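What follows is one structure encoded as structure tokens, with my remarks underneath.
The values are calculated or read from the model by the stated rules, or taken from the named source; none is laboratory data. Keep in mind the model is a prediction, meaning the values are calculated, not measured. Note: ideal-geometry Cβ built from the backbone for every residue, glycine included; neighbour counts use all protein chains shown. The area values use the complete protein model at the heavy-atom level, side chains included, leaving out ligands, DNA and RNA. Shrake-Rupley method; radii C 1.70, N 1.55, O 1.52, S 1.80 Å.
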Amino acid sequence: MKRITLVLGLFLLVSLAVVAQIRGKEIVVQVQPNHANWNYRLGEEAIFNVAVLKNGCPLPQAKVDIEAGPVMYADVKRSGVVLKDGTATWKGTMKTAGFYRLKVWAHVGEKTYEGLCTVGYAPETLQPTDNCPADFDQFWADAYEKASYYPLEAHRRLLPERCTERVQVYEVSFNGLNPGNRIYGILCIPTAYEDKRPALLRVPGAGVRPYQGDVEEANIGAITLEIGVHGIPVTMPQQVYDDLLHGALNGYWEANLDNRDQMAYKRIFIGALRAVDYLTQLPEWNGRELGVTGASQGGVLSLVCGALHPAVTFVGVVHPAMCDLTASLHGKACGWPHYFYGQKQPDAKKVATSGYYDGVNFARRLTIPCWFSFGYNDEVVPPNSAYAAYNVTQELRTLKLYPATGHFWFQEQWEEWREWLRKQLKKPHPQPLSKGRGE
């Protein structure tokens with residue numbers, strides 16, 4: 001019996017190892033521009049080199065479908081094109097600022113493989129559509145002031161299994177928009193430092209999920225807080241979040257879009273601001289450096305905190321969602337969640353409400369160092385909308401483009417983001433660990 005158990009155990013380990021090593025695909029659809037920086041002058045012709053590769057070599061007689069044109073508004077579609085030697089070239093151009101995208105689908109056997117490339121035309125000149133309500137500043141000042149009237153009533157619970165020799169890890173909660181509307185997160189406090197410490201708020205992308213906390217940054221000296229935005233604990237089993245995403249929180253990003261006071265993002269935006277409040281009240285905070293960073297939904301939350309909270313000293317913004325929301329009403333690519341894309345007669349109340357939540361209106365109000373990064377191949381947050389937000393920021397801004405990325409990070413991009421954050425945090429030097437520290 002022991003022998004059988006041992007054999008089964010070894011078989012399971014080998015099986016898991018095999019699964020973990022699955023990487024890449026045999027068939028790759030490669031689409032490359034002829035400019036290394038992926039940028040072109042208005043009216044200049046972009047040449048795309050297309051190749052359907054099998055084991056790194058062109059696949060003869062590859063059959064493909066092609067879609068090309070301005071991002072989200074392709075004006076050329078072709079089906080069943082045969083590439084005799086597995087390769088082809090494509091030419092495109094634009095006379096107005098924006099992005100041109102070529103998508104290619106290869107049909108090999110019963111499977112379909114996709115490749116795309118997006119190039120920019122004078123993207124540094126892109127400007128968002130006018131979507132800022134006259135009382136934008138007053139609306140958010142009143143909303144934050146009203147929420148701040150209520151005490152945070154913060155609670156924390158130690159998570160011993162997540163603590164390290166240098167970091168104490170807690171699940172915390174505090175009041176958000178109003179009493180009873182709780183914000184939950186993972187707080188990591190470095191314990192190997194005698195001095196007061198800088199702080200970093202990590203704000204989440206869209207969805208519903210548990211969180212682990214940023215132990216890595218805490219381990220080298222920064223207080224970190226990673227929050228959820230849905231008023232539920234962030235340490236429950238994954239199945240709970242999956243059920244909520246497909247149930248009560250399904251489509252939360254567009255709930256009550258016709259009412260600026262009931263819109264779901266009002267509690268989410270204010271919740272992020274209250275998270276900054278929470279960090280400023282920690283006795284360990286040094287009272288100086290406090291950054292906010294996130295990607296996608298977290299990108300716009302970073303803009304919100306940087307624009308509205310006086311304690312925030314810098315923001316790191318990665319492929320920010322919810323920017324230039326009404327661009328599609330003018331025939332241009334709009335930011336996620338693409339509220340009005342394809343609508344000829346959108347609800348006027350929803351259009352009006354969207355202005356209070358458009359990321360570009362917060363970006364305009366940034367007066368602190370900001371770091372932006374995004375890719376041209378992003379099909380969730382189109383580069384038009386990300387660039388529109390970046391272009392309206394003022395001084396103290398940094399843009400790091402990674403054109404080939406979609407709605408994801410490259411390793412080099414991640415490392416560059418971390419390095420920039422650490423420079424802004426100006427973390428203290430660690431002191432030798434003393435007995436009992438970290439318990």
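What to note about this one:
- The accessible area of THR398, taken with all protein chains in place and a 1.4 Å probe, comes to roughly 40 Å².
- Among VAL240, VAL351, VAL381, the residue with the largest mean-square fluctuation in a Gaussian network model of the chain, with springs joining Cα atoms closer than 10 Å, is VAL240.
- Among GLU289, GLU44, GLU226: highest mean-square fluctuation, GNM of the chain, C-alpha pairs under 10 Å: GLU44
- Solvent exposure, largest accessible area first (probe 1.4 Å, DNA, RNA and ligands not counted), of ARG365, ARG157, ARG288: ARG288, ARG157, ARG365
- Simple point charges give the picture: +1 on the Cβ of Lys and Arg, -1 on the Cβ of Asp and Glu, and for the chain a dipole about the Cα centre of about 680 debye.
- In degrees, nearest ten, helix 2-20 long axis to first principal axis of the chain (Cα): 60
- Span per principal axis, largest first, for the Cα atoms of region 327-394 (Å): 39, 27, 16
- Annotation for ARG397 and ILE22: the two label points, set 7 Å from Cα along the Cα-Cβ direction, are 4.2 nm apart.
- Across GLU217, GLU412, the residue with the most accessible area heads the list, and the full order at a 1.4 Å probe is GLU412, GLU217.
- The percentage of C-alpha pairs in the chain whose separation is greater than 38 Å is 31%.
- Segment THR87..LYS111, full-extension length gain: 6.8 nm, with 0.36 nm per residue of separation and the alpha-carbon distance subtracted.
- The residues of region 135-425 present an accessible area of 38 Å² per residue when probed at 1.4 Å with all protein chains retained.
- In region 27-125, lysine pairs with alpha-carbon atoms under 13 angstrom apart (chain gap of 8 or more, or interchain): 4
- Based on C-alpha pairs under 8 angstrom that are at least 6 apart in sequence, region 89-226 has a relative contact order of 15 percent.
- Dipole axis of the chain (+1 Lys, Arg; -1 Asp, Glu on Cβ), positive-most option in TRP409, ILE232, VAL351: TRP409
- The chain, helix-only ellipticity at 222 nm - DSSP H runs n ≥ 4, -39,500 (n - 2.57), divided by all residues, nearest 500: -7500 deg cm²/dmol
- Percentage relative contact order, the chain, counting C-alpha pairs under 8 Å, at least six apart: 14
- Length added when fully stretched, LYS77-THR125, from 0.36 nm per residue minus Cα-Cα: 14.5 nm
- GLU44-GLU284 pseudo-label distance in nm [points 7 Å out on the Cα-to-Cβ vector]: 5.0
- Candidate lysines for bridging to LYS349, where Cα separation is under 22 Å - those fewer than 8 sequence places away on the same chain excluded: LYS266, LYS332
- Charge tally in the Cβ shell below 14 Å around VAL108, where Lys, Arg are +1 and Asp, Glu are -1, VAL108 excluded: 0
- Under 18 Å from the VAL240 label point (7 Å along Cα→beta-carbon), backbone N, region 258-280: none
- For the residues GLN239, GLN168, GLN30, a GNM of the chain with alpha-carbon springs under 10 Å puts the largest fluctuation on GLN239.
- For LYS426 and ARG156, the FRET efficiency from 1/(1 + (r/R0)^6), where r spans their Cβ atoms and R0 equals 30 Å, is about 0.70.
- Spin-label pair GLN411-CYS57: with each label point 7 Å from Cα along the Cα-Cβ axis, the two points sit 2.8 nm from one another.
- Relative contact order, whole percent, for region 27-125 stands at 34, derived from Cα pairs under 8 Å and 6 or more residues apart.
- Secondary structure note: in the chain, about 70% of the DSSP beta bridges are antiparallel.
- Relative packing of 55-65, 245-255, which averages over residues the other C-beta atoms within 10 Å, highest first: 55-65, 245-255
- Sorted largest first, the spans of the alpha carbon positions of region 27-125 along the three principal axes are 44, 24, 17 Å.
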